[in-house]
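Peer 1: Quick one: the structure is below, and I'll ask about it shortly.
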Amino acid sequence: MKKEDLPSQIPVFPLSNFIIFPKATVPLNIFEPRYIDMINDSMKSNKTVGLIQPKTSASGNNVPELHEVGCLGKITSFKETEDGRYLIELKGLIRFENIKELKTEKKYRILNVNYKNFIQDLKNEKEDLKFSDLELIFKDLKSLFEKRGFIINWKALEKQSLDETINALAMASPFSLEEKQVLLEAKNLDMRKNKIAEILSTYTYDIYDNTTIQ
């Protein structure tokens, strides 16, 4: 998608502890009626929706406040199940800044957004990182993932480009909502890699404290 084609008003899916990066693809299972409506509307227009984390979990009738930065995604695959759910794949295009929420008659939320700080997300060049830069991070992440019962196909990851690998690990990591938001907002891949290392250093004691990795 070209810069001039980016929509200034986007429907958003507020998902806690869930982020998507530009160029990454995630599967989503859509079953809530308001989000079924949202996907229907999106499929009729430019097939884009935004993913953004709420600052807190929704409680009662409270509408959770949203973070300042999310990522616009394009629906690249769409399938309806027999029980009326939608299985979609969303490919990250560009991060956006949440300017303000619009009041509409829709059941889902719509934001007025700005992309100016993230135009580099649309570029295709790969960032130059060495695999050796990641080995230590991988070792610690692997321990953390295994301790939390996460199963990762590391061999498949190592065949990907480094930017895909870093982003896949950041998206799948058992980090907190706030930690994932920090990774999403990191300006570039090198900063994201360093942030992952910083976050992991706070988990290190937890990883090795009285733990035997089988």
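Peer 1: For the structure I just gave you, tell me whether residue 25 is free of Cβ contacts under 8 Å to residues at least 12 places away in the same chain and closer than 21 Å to residue 174 by Cα. So that I can check it myself, show each step before the final result.
Peer 2: Details: free of Cβ contacts under 8 Å to residues at least 12 places away in the same chain: no; closer than 21 Å to residue 174 by Cα: yes.
In short, no.
Peer 1: Same structure, new question: Scan region 137-179 residue by residue and report those that are touching a Lys or Arg at 6+ places or on another chain (Cβ under 9 Å), in contact (Cβ under 8 Å) with a residue 40 or more places away in the chain and either farther than 22 Å from residue 190 by Cβ or outside any helix (DSSP H, G or I) (or both).
Peer 2: 177
Peer 1: Return the residues of region 6-24 that are loosely packed, with under 15 Cβ neighbours inside 10 Å and farther than 14 Å from residue 96 by Cα; say none if nothing qualifies. Lay out the reasoning, then the answer.
Peer 2: Residues of region 6-24 that are loosely packed, with under 15 Cβ neighbours inside 10 Å, as a first pass: 8-9, 16.
Passing the criteria: only 16.
Peer 1: While we're looking at this one, here's another question. Taking region 92-116, which residues are within 16 Å of residue 52 (Cα to Cα) and either modelled with pLDDT under 95 or touching a Pro at 6+ places or on another chain (Cβ under 9 Å) (or both)?
Peer 2: The answer is 92, 93, 94, 95, 108, 109, 110, 111, 113.
Peer 1: Say we look at region 180-200 and pick out the residues that are without any contact (Cβ under 8 Å) to a residue 24 or more places away in the chain and in a helix (DSSP H, G or I); which of these is surrounded by the fewest Cβ atoms within 10 Å (Cβ to Cβ)?
Peer 2: Of all residues in region 180-200, those without any contact (Cβ under 8 Å) to a residue 24 or more places away in the chain come to 182, 186-187, 191, 194-195, 198.
Now narrow it down to the ones that are in a helix (DSSP H, G or I): 182, 191, 194-195, 198.
Numbers: 182: 17, 191: 13, 194: 13, 195: 18, 198: 11.
So the residue we want is 198.
Peer 1: Assuming residue 79 fulfils every condition listed in (1) assigned to a helix (DSSP H, G or I); (2) exposed (fewer than 13 other Cβ atoms within 10 Å of the Cβ) apart from one, which condition is it?
Peer 2: Among (1) assigned to a helix (DSSP H, G or I); (2) exposed (fewer than 13 other Cβ atoms within 10 Å of the Cβ), the lone unmet condition for residue 79 is (1).
Peer 1: Of everything in region 136-154 that's among the basic types (Lys, Arg) and modelled with pLDDT of 75 or more, which residue is surrounded by the fewest Cβ atoms within 10 Å (Cβ to Cβ)? If you could, list the steps in order and put the result at the bottom.
Peer 2: Taking region 136-154 and keeping what is among the basic types (Lys, Arg), we get 139, 142, 147-148.
When the remaining residues are screened for being modelled with pLDDT of 75 or more, the result is 142, 147-148.
On the way: 142: 16, 147: 15, 148: 12.
Selected residue: 148.
Peer 1: Right, something else. For the structure I just gave you, tell me whether residue 56 is without any contact (Cβ under 8 Å) to a residue 12 or more places away in the chain, hydroxyl-bearing (Ser, Thr, Tyr) and more than 27 Å from residue 185 (Cβ to Cβ).
Peer 2: no
Peer 1: Mind counting the residues in region 1-55 that are in contact with a helix residue (DSSP H, G or I) (Cβ under 8 Å, 6 or more places away or on another chain) and among the aliphatic types (A, V, I, L, M)?
Peer 2: 7
Peer 1: Give the residue, chosen from 56, 48, that is surrounded by 16 or more Cβ atoms within 10 Å (Cβ to Cβ) and either over 19 Å from the mean Cα position of the chain (by Cα) or of a type in the set (Ser, Thr, Tyr) (or both).
Peer 2: Residue meeting the stated conditions: 48.
Peer 1: Okay, next question. Before we move on, is residue 31 buried (at least 19 other Cβ atoms within 10 Å of the Cβ) and out of contact with any Ser or Thr (no Cβ under 7 Å at 6 or more places or on another chain)? Talk me through it step by step, then tell me what you get.
Peer 2: Numbers: buried (at least 19 other Cβ atoms within 10 Å of the Cβ): no; out of contact with any Ser or Thr (no Cβ under 7 Å at 6 or more places or on another chain): yes.
It is false that residue 31 is buried (at least 19 other Cβ atoms within 10 Å of the Cβ) and out of contact with any Ser or Thr (no Cβ under 7 Å at 6 or more places or on another chain).
The values are calculated or read from the model by the stated rules, or taken from the named source; none is laboratory data. Just so you know, these numbers come straight off a predicted model, no measurement behind them. Every residue, glycine among them, receives a Cβ derived from its backbone with ideal geometry; neighbour counts consider all protein chains shown.
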